[in-house]
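Below: one structure, written as structure tokens.
The values are calculated or read from the model by the stated rules, or taken from the named source; none is laboratory data. This one's a predicted model, so the numbers in the text were calculated from it and none came from an experiment. Every residue, glycine among them, receives a Cβ derived from its backbone with ideal geometry; neighbour counts consider all protein chains shown. Note: accessible area is taken over every heavy atom of the protein model, side chains too, but ligands, DNA and RNA are not part of it. Shrake-Rupley method; radii C 1.70, N 1.55, O 1.52, S 1.80 Å.
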Amino acid sequence: QGQLVESGGGLVQPGGSLRLSCEASGSIFNRYAMAWYRQATGNERELVAAITSGGGTNYGDSVKGRFTISRDNAKNTVYLQMNAMKPEDTAVYYCNAKMSIISYWGQGTQVTVSS
């Protein structure tokens, strides 16, 4: 069974940057599509960014041009580089791994953007 462990969350000022990491267990990581979702208090969980096993990427409209998703298959890790951050980026960020009907979630990491 797969396991995802997120890290890198914290408090950042508006305009600042953070990089989230999600390390996956298992030897077939490179066959999974990976994604970052976020959920702010009172809101539904939304897609932030996704990357296919082949490296194709997709972003939510609110983060295009500011966030970058990448993966390092040798390290079983997916990253989310977040730049030019805004208070509305405040949320719990979750890592997701998906292949066919199989889907795993991490425990989430809090990101707070505030001065």
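Excluding Asn83 itself, what net charge comes from residues whose Cβ is under 13 Å from its Cβ, given Lys and Arg +1 and Asp and Glu -1?
Spelling it out: positives minus negatives among the neighbours equals +3.
Hey, in the GNM for the chain with a 10 angstrom Cα cutoff, which one of Gly60, Gly15, Gly42 fluctuates hardest?
Gly42
About the Cα centre of the chain, what is the dipole size in debye to 20, counting +1 per Lys and Arg Cβ and -1 per Asp and Glu Cβ, all else neutral?
220 debye
Keeping the other protein chains in place, figure out the carbon and sulfur percent of the accessible area of the stretch 1-49, with a 1.4 Å probe.
Percent of accessible area from carbon and sulfur atoms in the stretch 1-49: 41.
Just check the stretch 60-101 against the gyration tensor rule for me: Cα atoms, a ≥ b ≥ c as the square roots of the eigenvalues, rounded for a/c under 1.5, and otherwise prolate or oblate depending on whether a/b exceeds b/c.
Prolate is the answer for the stretch 60-101, as a/c is 1.5 or above and a/b outweighs b/c.
What ³J(HN,Hα) values, in whole Hz, does the Karplus curve 6.51 cos²θ - 1.76 cosθ + 1.60 give for the stretch 52-58 when θ = phi - 60°, with x put for Gly and Pro?
Those phi angles translate into 7, 4, x, x, x, 10, 8 Hz.
What net charge do the residues around Gln110 carry, taking every other residue with its C-beta under 12 Å from that of Gln110, with Lys and Arg at +1 and Asp and Glu at -1?
-1
Keeping all protein chains in place and using 1.4 angstrom, which order do Asp61, Asp89 fall into by accessible surface area, from largest down?
Largest accessible area first, the list is Asp61, Asp89.
So if I take the centroid of the Cα atoms in the stretch 1-68 and the same for the stretch 97-115, what is the distance between those two points in Å?
After rounding, the separation between the Cα centres reads 6 Å.
Does the chain come out rounded, prolate or oblate by the C-alpha gyration tensor, with a ≥ b ≥ c the root eigenvalues, rounded set by a/c under 1.5 and, if not, prolate when a/b is larger than b/c and oblate if not? Don't skip to the end; give the middle numbers.
Details: a/c = 1.81, a/b = 1.70, b/c = 1.06.
Judged from the Cα gyration tensor, the chain comes out prolate (a/c at least 1.5, a/b above b/c).
When ligands, DNA and RNA are left out and all protein chains stay put, how many square angstrom of accessible area per residue does the chain have with a 1.4 Å probe?
With all protein chains present, the chain gives 54 Å² per residue.
Loop only per DSSP, at most 10 neighbouring Cβ atoms within 10 Å: give me the trypsin sites (Lys or Arg not before Pro) in the stretch 23-66, ordered by residue number.
Within the stretch 23-66, the qualifying trypsin sites (Lys or Arg not before Pro) (loop, at most 10 other Cβ atoms within 10 Å) are Lys64.
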